[in-house]
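**Student:** Below you will find the structure I want to go over with you.
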Amino acid sequence: MEIKLKKISDIEWEIPKGTIQGMKVPGIVFASKILLEKMKLDKTLQQTANVATLPGIYKHAICLPDGHEGYGFPIGGVAALDFKEGGISPGGIGYDINCGVRLLRTSLTDKEIHEKLKELVMAIFRNVPSGLGSKGKVRLRSRAELDEVLKIGARWAVEKGYGWKKDLKHLESEGELKIAEPRYVSDTAIKRGLPQLGSLGAGNHFLEIQRVGEIFDEKTAKVFGIEKKDQITIMIHCGSRGLGHQVCTDYLREMEKTFPDILKKLPDRELIYAPAGSELADRYLKAMSCAANYAWANRQMIVHQIRESFEKVFNRSAEDMGMDIIYDVAHNIAKIETHKINGKDVKVYMHRKGATRAFGPGHPEIPSDYQKVGQPVLLPGSMGTASFVLVGSKTAMEKTFGSTAHGAGRLMSRHSALKQFRGEEIKKQLEEEKKMFIRSASWKGIAEEAPGAYKDVEEVARVSHKAGIGNLVVRLRPVGVVKG
Amino acid sequence: MKKYEFLEHTADVFIVGNGKTLEEAFQNCALGLSQYMVNLGDVEKKIQKKIMAKGTDLKSLLVEFLTQFLILHDSENLVFSSIKVTKFDDKNFEIEAIIEGEEFDPEKHKQGTLIKAITYHELEIKEKEGIYSVKVLVDI
């Protein structure tokens, strides 16, 4: 079905209320002409309209510049549902709960690591388990042990010696959703999660050594610890592994069974939700928070393994190399947040699926040292292209409930990518033309994640900046890649 | 008739299983799932497992059945090359199968792509001229 859009500006489009039956609010799409044309190729806009039918939804269903077709919500979808009249929907979060991005800085420069790049990438590849069947090096033996991780997230990892206490201050929610209750996570999910803590996984997950390309906003960059061009940073992209996927699967099934009447009325089966106030909404929120905590602990352990790799290769301490965390963002998550809506503070189930929180300056949830400038937003590109650091803004608070894009967004199916690209050739091309070094667990993985399979991250970042919902700070260029 | 096929989707991939009966289509869809993760030809039949799944309709039965393979992969690091459905009850929506494979070894098995979850998105179960097809989108 074709969705007719009303133009608000060159980069903002409205899906009017009434486009499909049952819409309670309009949809709003942040996209340039080019990005919009791509959204029209799949069900992105239709799914945004579907989200607008959910109960208790405020203002509008939002589709961000990197939006593409997902399950239930589009990926790049944002919705605020009332805490009392709305509900919580696993389809508004995704299977990989708290899939997210973390950025580390160093005081090293591109020149200083150049000669050792290959050695460094290989050391990280050996140290951080990745690919199919990747198991963490820590073996948790029992549910009781894993429950601790689910309860306190990244803090568990730091207490066990994986990282520094100050790391926690620079994580979204300090890497710990306190409402998590492990007893609501099924034994099956636990079984999937036990062997995998401290592993990268596969698919679009990666670790990247990057150099600072351009600095757009020197003042803010400095606050984030980015001082100069060619400074080396490290980006981590991964999530809650099998545990999070199973939590989503379990609760989708239970919600379908518990609320057949809701299911019947929905435009899409995967928009199923648990109504606010129901016992199931409460349990899902607490189980989902456990998976989010698992993901933060997972990324924390990977940070530790990366620091160890650098220490070994350069024979210097991580502290000496200035390997602090800039920030960590979740881009598949729901949280209880309070937003100002029509002048009133309103408590909502904030859904962000393939979307990054982008809180503006002065928000109490931002670390004290970033209070004046706003929250760092990490926007990873596809393999071989640039990534960006943006900063949250007051405009984002008003327009998008403090949210912006989460990455490049896929353009081509994995299947066509496999037909069009060969992993070996992509690797050779990137290494020769861009002087990068790549190590992947699978050739197929490289072909599926070829840069040509994604939308242009530059365009996504540009639109975010132009809309003022996430402003440009720094462009990062890839130097070395470890892929799952 | 191809046993299984992979079809396009922007972010992920559809796996289609075909068969002369519905249970054969389910079986072949699971085989396609295994092939997507690892080259089936490399997998020896060293370990045998019995799996069971239960649904509330045919669609959920398919999702539950395929999810069992992801659970075994994540928790026990197993990959499979042989799948035989031993019980298929399309009234009570129950399925049982004997599956054979071995522990995944990156040195031995050419790896494909890890599948995170089985979705309901555009899930189809149909019959045309005596050929049953099931189509499922997997999250990668």
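The values are calculated or read from the model by the stated rules, or taken from the named source; none is laboratory data. These figures come from a predicted structure and were not determined experimentally. Glycine gets a Cβ as well: all are built from the backbone with ideal geometry, and neighbour counts include every protein chain shown. Note: accessible area is taken over every heavy atom of the protein model, side chains too, but ligands, DNA and RNA are not part of it. Shrake-Rupley method; radii C 1.70, N 1.55, O 1.52, S 1.80 Å.
**Student:** For A:Glu279, all conditions in the list (1) open to solvent by 30 Å² or more (accessible area, probe 1.4 Å); (2) within 14 Å of chain B (Cβ to nearest Cβ); (3) among the acidic types (Asp, Glu) hold save one; what is the number of the exception?
**Tutor:** Of the numbered conditions (1) open to solvent by 30 Å² or more (accessible area, probe 1.4 Å); (2) within 14 Å of chain B (Cβ to nearest Cβ); (3) among the acidic types (Asp, Glu), the odd one out for A:Glu279 is (2).
**Student:** Then there's this: Quick check, is A:Glu270 closer than 30 Å to A:Gly22 by Cα, under 21 Å from the mean Cα position of the chain (by Cα) and either at the interface with chain B (Cβ under 10 Å from one of its Cβ atoms) or open to solvent by 40 Å² or more (accessible area, probe 1.4 Å) (or both)? Steps first, answer last, please.
**Tutor:** On the way: closer than 30 Å to A:Gly22 by Cα: yes; under 21 Å from the mean Cα position of the chain (by Cα): yes; either at the interface with chain B (Cβ under 10 Å from one of its Cβ atoms) or open to solvent by 40 Å² or more (accessible area, probe 1.4 Å) (or both): yes.
Criteria met by A:Glu270.
**Student:** Which ones in segment A:394-415 are within 14 Å of chain B (Cβ to nearest Cβ) and under 10 Å from A:Thr356 (Cβ atoms)? So that I can check it myself, show each step before the final result.
**Tutor:** Here is the first cut: in segment A:394-415, the residues within 14 Å of chain B (Cβ to nearest Cβ) are A:406-415.
Listed by number, the residues that qualify are A:His406, A:Gly407.
**Student:** Do we have A:Thr48 as among the hydroxyl-bearing types (Ser, Thr, Tyr), free of Cβ contacts under 8 Å to residues at least 60 places away in the same chain and in contact with a helix residue (DSSP H, G or I) (Cβ under 8 Å, 6 or more places away or on another chain) here?
**Tutor:** Values: among the hydroxyl-bearing types (Ser, Thr, Tyr): yes; free of Cβ contacts under 8 Å to residues at least 60 places away in the same chain: yes; in contact with a helix residue (DSSP H, G or I) (Cβ under 8 Å, 6 or more places away or on another chain): no.
The answer is no for A:Thr48.
**Student:** Now, a different point. Only residues in segment A:1-13 that are free of Cβ contacts under 8 Å to residues at least 12 places away in the same chain count as the first member; pair them with residues that are open to solvent by less than 100 Å² (accessible area, probe 1.4 Å) and of a type in the set (Gly, Ala, Ser), Cβ under 9 angstrom, at least 6 apart or cross-chain, and list the lot.
**Tutor:** Qualifying pairs under 9 Å: A:Ser9/A:Ala467.
**Student:** Here are A:Leu132, A:Leu103, A:Leu140: which of them is modelled with pLDDT of 95 or more and hydrophobic (A, V, I, L, M, F, W, C)?
**Tutor:** The unique qualifying residue is A:Leu103.
**Student:** So, A:His331, is that one touching a Cys at 6+ places or on another chain (Cβ under 7 Å) and open to solvent by less than 10 Å² (accessible area, probe 1.4 Å) or not? Explain how you work it out, then say what you get.
**Tutor:** On the way: touching a Cys at 6+ places or on another chain (Cβ under 7 Å): yes; open to solvent by less than 10 Å² (accessible area, probe 1.4 Å): yes.
So A:His331 fits the description; yes.
**Student:** Does A:Thr53 satisfy the condition of being modelled with pLDDT of 95 or more and closer than 25 Å to A:Met412 by Cα?
**Tutor:** On the way: modelled with pLDDT of 95 or more: yes; closer than 25 Å to A:Met412 by Cα: no.
Answer is no for this residue.
**Student:** Just checking, does segment A:42-49 include any residue being in a loop (DSSP other than H, G, I, E, B), over 16 Å from the mean Cα position of the chain (by Cα) and farther than 21 Å from A:Ala358 by Cα? Lay out the reasoning, then the answer.
**Tutor:** Keep residues of segment A:42-49 that are in a loop (DSSP other than H, G, I, E, B), which gives A:42-43.
Still in the running and over 16 Å from the mean Cα position of the chain (by Cα): A:42-43.
The next check asks that each one be farther than 21 Å from A:Ala358 by Cα; those that pass are A:42-43.
Yes, because at least one residue in segment A:42-49 is in a loop (DSSP other than H, G, I, E, B), over 16 Å from the mean Cα position of the chain (by Cα) and farther than 21 Å from A:Ala358 by Cα.
**Student:** Which one is farthest from A:Glu159 (Cα to Cα), of the residues in segment A:175-195 that are at the interface with chain B (Cβ under 8 Å from one of its Cβ atoms) and open to solvent by 10 Å² or more (accessible area, probe 1.4 Å)?
**Tutor:** So the residue we want is A:Thr188.
**Student:** Let me ask you something else. Does at least one position in segment A:240-250 carry a residue that is open to solvent by 10 Å² or more (accessible area, probe 1.4 Å) and more than 8 Å from every other protein chain (Cβ to nearest Cβ)?
**Tutor:** Yes: segment A:240-250 contains one or more residues that are open to solvent by 10 Å² or more (accessible area, probe 1.4 Å) and more than 8 Å from every other protein chain (Cβ to nearest Cβ).
**Student:** May I ask you to list the residues in segment B:37-61 that are surrounded by 15 or more Cβ atoms within 10 Å (Cβ to Cβ) and among the small types (Gly, Ala, Ser)?
**Tutor:** B:Ala53, B:Gly55, B:Ser60
**Student:** Within segment A:131-138, is there a residue that is of a type in the set (A, V, I, L, M, F, W, C), away from chain B (no Cβ under 14 Å) and outside any loop (DSSP other than H, G, I, E, B)? Lay out the reasoning, then the answer.
**Tutor:** At the first step, the residues of segment A:131-138 found to be of a type in the set (A, V, I, L, M, F, W, C) are A:132, A:138.
Add one more test, that the residue is away from chain B (no Cβ under 14 Å), and what stays is A:138.
From what is left, the residues that are outside any loop (DSSP other than H, G, I, E, B) are none.
No, every residue in segment A:131-138 fails to be of a type in the set (A, V, I, L, M, F, W, C), away from chain B (no Cβ under 14 Å) and outside any loop (DSSP other than H, G, I, E, B).
**Student:** Now, a different point. Out of the residues in segment A:295-328 that are touching a Gly at 6+ places or on another chain (Cβ under 6 Å) and more than 26 Å from A:Val391 (Cβ to Cβ), which is most open to solvent (accessible area, probe 1.4 Å)?
**Tutor:** Taking the candidates together, the pick is A:His304.
**Student:** Still on this structure, please answer the following. Just to verify a result, which residue in segment A:14-40, among those that are assigned to a loop (DSSP other than H, G, I, E, B), open to solvent by less than 20 Å² (accessible area, probe 1.4 Å) and without any contact (Cβ under 8 Å) to a residue 40 or more places away in the chain, is farthest from A:Pro65 (Cα to Cα)?
**Tutor:** This residue is A:Met23.
**Student:** Identify, from the list B:Ile140, B:Ile118, the residue that is at pLDDT 95 or above and among the hydrophobic types (A, V, I, L, M, F, W, C). Walk me through how you get there before you give the answer.
**Tutor:** Working: B:Ile140 fails: at pLDDT 95 or above.
Of B:Ile140, B:Ile118, the one residue that is at pLDDT 95 or above and among the hydrophobic types (A, V, I, L, M, F, W, C) is B:Ile118.
**Student:** Would you mind telling me which numbered condition in (1) open to solvent by less than 10 Å² (accessible area, probe 1.4 Å); (2) over 19 Å from A:Asp96 (Cβ atoms) A:Phe259 fails?
**Tutor:** It is condition (1) that A:Phe259 fails.
**Student:** Collect the residues in segment A:140-160 that are more than 14 Å from every other protein chain (Cβ to nearest Cβ) and either in contact (Cβ under 8 Å) with a residue 60 or more places away in the chain or touching a helix residue (DSSP H, G or I) at 6+ places or on another chain (Cβ under 7 Å) (or both), keeping them in residue-number order. Steps first, answer last, please.
**Tutor:** Taking segment A:140-160 and keeping what is more than 14 Å from every other protein chain (Cβ to nearest Cβ), we get A:144-145, A:147-160.
Result: A:Asp147, A:Glu148, A:Val149, A:Leu150, A:Lys151, A:Ile152, A:Gly153, A:Ala154, A:Arg155, A:Trp156, A:Ala157, A:Val158.
**Student:** Taking segment A:69-97 as the region of interest, how many residues are open to solvent by less than 10 Å² (accessible area, probe 1.4 Å) and either more than 13 Å from every other protein chain (Cβ to nearest Cβ) or assigned to a strand (DSSP E or B) (or both)?
**Tutor:** 11
**Student:** Now for a separate question. Quick one: would you say A:Lys340 is open to solvent by 10 Å² or more (accessible area, probe 1.4 Å) and in a strand (DSSP E or B)?
**Tutor:** Numbers: open to solvent by 10 Å² or more (accessible area, probe 1.4 Å): yes; in a strand (DSSP E or B): yes.
Considered against the rule, which asks whether it is open to solvent by 10 Å² or more (accessible area, probe 1.4 Å) and in a strand (DSSP E or B), A:Lys340 comes out as yes.
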